[in-house]
Amino acid sequence: MSCVLRITGSDFDVDKFMIEAKFEASDNITVSKKGEFINALKKRKRIHNGIGVIVSNAPFLNFEKQEADAIAYLNKYKSAFIKLKNYDIDGWRGLDFGVDTFPENRFYREYILSIELIKLCAECGLEIYMSNYFSRKEKRRKKRVGRLFKKKKSFSR
């Protein structure tokens, strides 16, 4: 899951929002309620109500596809997301893009957000997050790159 819409808040009325949004059954939505156990083994409970929606399953390396999927999803449910501004949300309220930090044959990666995405998120009151990940391949590459920049020992007499 590379682009996820997360909305959380201690007083966020998830049930009301789900009715207003009229999401389709095909939308991959996770609903969580305050007081539910996060992990039964550790007995930790959630402190917020919230929803999580997988907006794009595009790979970490394909930010352009993630962005296109996010724009299509926001346009589809724009009226519901605009209503979010009326909710008192003290937690997350945004799109979280999972992206690849070091793509093939590069030392850096830049992501340019389209004006359309920025405008849609602003209209809906959503923030934009970029979560950087390394795949195994990238971890090996990072190790190789790290060796290039290792400080050489100097010998003095």
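Things to note:
- Selection count, the stretch 2-33, where residues are loosely packed, with under 13 Cβ neighbours inside 10 Å and among the aliphatic types (A, V, I, L, M): 2
- Per-region count, the stretch 49-70, residues in contact with an Asp or Glu (Cβ under 7 Å, 6 or more places away or on another chain) and hydrophobic (A, V, I, L, M, F, W, C): 5
- Residue in the stretch 131-153 that is at pLDDT 70 or above, exposed (fewer than 15 other Cβ atoms within 10 Å of the Cβ) and among the aliphatic types (A, V, I, L, M) present: no
- Looking only at the stretch 89-119, and only at residues there that are charged (D, E, K, R) and in contact with an Asp or Glu (Cβ under 8 Å, 6 or more places away or on another chain), the one that is modelled with the highest pLDDT: Arg93
- Among the residues of the stretch 34-65, the ones that are in a loop (DSSP other than H, G, I, E, B), more than 14 Å from the chain's Cα centre (by Cα) and crowded, with 18+ Cβ neighbours inside 10 Å come to 1 in all.
- Checking each residue in the stretch 1-30 for being under 15 Å from Ile89 (Cα atoms) and in a strand (DSSP E or B) picks out Leu5, Arg6, Ile7, Thr8, Gly9.
- Checking each residue in the stretch 119-135 for being assigned to a strand (DSSP E or B) and without any contact (Cβ under 8 Å) to a residue 40 or more places away in the chain picks out Glu127, Ile128, Tyr129, Met130, Ser131, Asn132.
- Odd one out for Val53, checked against (1) among the β-branched types (Val, Ile, Thr); (2) in contact (Cβ under 8 Å) with a residue 40 or more places away in the chain; (3) more than 15 Å from Phe81 (Cα to Cα): (3)
- Ala70 being part of a helix (DSSP H, G or I), surrounded by 14 or more Cβ atoms within 10 Å (Cβ to Cβ) and within 14 Å of the chain's Cα centre (by Cα): yes
- Just one of (1) part of a strand (DSSP E or B); (2) crowded, with 16+ Cβ neighbours inside 10 Å; (3) in contact with a helix residue (DSSP H, G or I) (Cβ under 7 Å, 6 or more places away or on another chain) fails for Leu84. It is (1).
The values are calculated or read from the model by the stated rules, or taken from the named source; none is laboratory data. Because the structure is a prediction, the values reported are computed rather than measured. So basically every Cβ, Gly included, is an ideal-geometry build from the backbone, and we count neighbours across all protein chains shown.
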